[in-house]
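Read-outs: derived from the displayed coordinates by stated rules, not from any lab. Note that the structure is predicted; figures quoted are calculated from it, not measured. Here the Cβ positions follow ideal geometry from the backbone for every residue, glycine too, while neighbour counts run over all protein chains shown.
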Amino acid sequence: MIYNGNPDYYGRFDTSWDFGDTDDSRLSNWLDPINSGIETLDMISVEKPSGVPLIPKQKVDIYYQLTNNTLNIVNDSNKRIRYGIYNMLGQQLKLGILSSRSSQKISLSTASNGIYFVHITKLNDGSTFTKKIMISK
């Protein structure tokens, strides 16, 4: 298919992973350059070049409770954080600020089944991470 006057090329991911004689022709050289073998991630995050999340995961806990349709955000860090909840289209559903050493329950009873993203920003230095949650009622 050609869109905007430019050709589009498609290929099977498993075939393209280690196919070819050059770095430019193998996905593995681009997507796993250190050959870590990691196949899945438990969160989407903005990370430092060292691969360490900007906010340690253990300092902010995010989980969805199906029994009462609430998203729980627990801020165990000593800094205030801002949270934003977004749907798959990038539309912001909720926005708020959470004090240090506190937690908040956010009702998502009107949210439909699907994948949502919770974006956390530490207000003192702007460091961030994003966690994916799945709602299935």
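Quick rundown of the values:
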| quantity | calculated |
| --- | --- |
| Subset tally (residues that are closer than 15 Å to residue 70 by Cα, part of a strand (DSSP E or B) and among the hydroxyl-bearing types (Ser, Thr, Tyr)) for the range 87-124 | 3 |
| Residue in the range 125-136 that is of a type in the set (A, V, I, L, M, F, W, C), within 19 Å of the chain's Cα centre (by Cα), surrounded by 12 or more Cβ atoms within 10 Å (Cβ to Cβ) and within 12 Å of residue 71 (Cβ to Cβ) present | yes |
